[in-house]
Amino acid sequence: GALLYSDRVETVLPARAGRVHVLHLIDQLLQVGKVRRVGAPTRLADLLEHGLRSIRRRSLVIVVSDFISDPGWARGLALLGQRHDLLAVRLYDPLEMALPDLGMVVMEDAETGRQLFVDTHDPAFRRRFERLALEREQALREALAVAGADCIELATDADLAETLLRF
């Protein structure tokens with residue numbers, strides 16, 4: 001089954017077996033992937049709470065996310081981890097951890113569309129960015145540990161098959 005989420009729960013597909021159901025699931029993933037809403041931030045907590053309410057039997061729950069969300073999602077993840085086997089698939093871009101020195105650039109928030117003009121040549125700016133990224137990384141790792149979740153980290157610049165084989 002699947003809960004497909006953008007800035008809200010888009011589709012709920014109950015768990016079923018069979019080739020037709022798998023094809024339907026893939027089709028729904030492709031349809032939701034085409035939708036790009038700008039203006040509403042991700043609230044991962046809403047998705048996790050919906051999962052807590054709707055998944056009745058003990059299950060393997062796989063959460064695929066970048067885990068960049070409004071605060072408050074760690075509690076829902078921990079509750080899911082108490083009731084179910086939990087696997088977090090974290091998608092990330094290495095540029096989210098450390099910015100290269102590119103000079104003046106325009107950065108855009110993919111969710112809100114908000115743009116910001118920043119000077120990546122400024123070493124102090126890059127240090128602040130890296131410090132905040134490390135704090136976010138530490139909070140994420142703590143939340144996953146508390147939830148008892150195994151984690152697969154998929155980097156945008158890595159080989160997907162190699163990462164999955166390593167896991």
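The values are calculated or read from the model by the stated rules, or taken from the named source; none is laboratory data. Model, not experiment: these values are computed from the prediction. In this analysis, Cβ positions are derived from the backbone assuming ideal geometry, glycine residues included, and neighbour counts consider all displayed protein chains. All accessible areas refer to the heavy atoms of the entire protein, side chains included, with ligands and DNA or RNA removed. Shrake-Rupley method; radii C 1.70, N 1.55, O 1.52, S 1.80 Å.
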Worksheet item: Name the helices (runs of 4 or more DSSP H) wholly within the range 1-88 that hold at least 1 residues that are without any contact (Cβ under 8 Å) to a residue 40 or more places away in the chain and acidic (D, E)?
Response: 19-34, 44-54
Fill in: Breaking point among (1) out of contact with any Cys (no Cβ under 9 Å at 6 or more places or on another chain); (2) modelled with pLDDT of 90 or more; (3) within 21 Å of L132 (Cβ to Cβ), for A98
(2)
Worksheet entry | Single condition A17 does not satisfy, out of (1) at pLDDT 85 or above; (2) out of contact with any Ser or Thr (no Cβ under 6 Å at 6 or more places or on another chain); (3) open to solvent by less than 50 Å² (accessible area, probe 1.4 Å) | (3)
Discussion item. Quick test for you: out of G148, G113, G103, pick the one residue that is closer than 20 Å to Y5 by Cβ and of a type in the set (G, A, S).
Written reply: G113
Practice prompt. Output the qualifying pairs, or none if there are none: Cβ atoms under 8 angstrom, residues six or more apart or on different chains, first residue in the range 119-133 and under 11 Å from A98 (Cβ atoms), second residue open to solvent by 100 Å² or more (accessible area, probe 1.4 Å) and not hydroxyl-bearing (S, T, Y).
Written response: T120/L102; T120/M104
Worksheet, complete the sentence: If we take the range 92-160, then strands (runs of 3 or more DSSP E) inside it with 2 or more residues that are surrounded by 11 or more Cβ atoms within 10 Å (Cβ to Cβ) and in contact with a helix residue (DSSP H, G or I) (Cβ under 8 Å, 6 or more places away or on another chain) are 115-119, 150-155
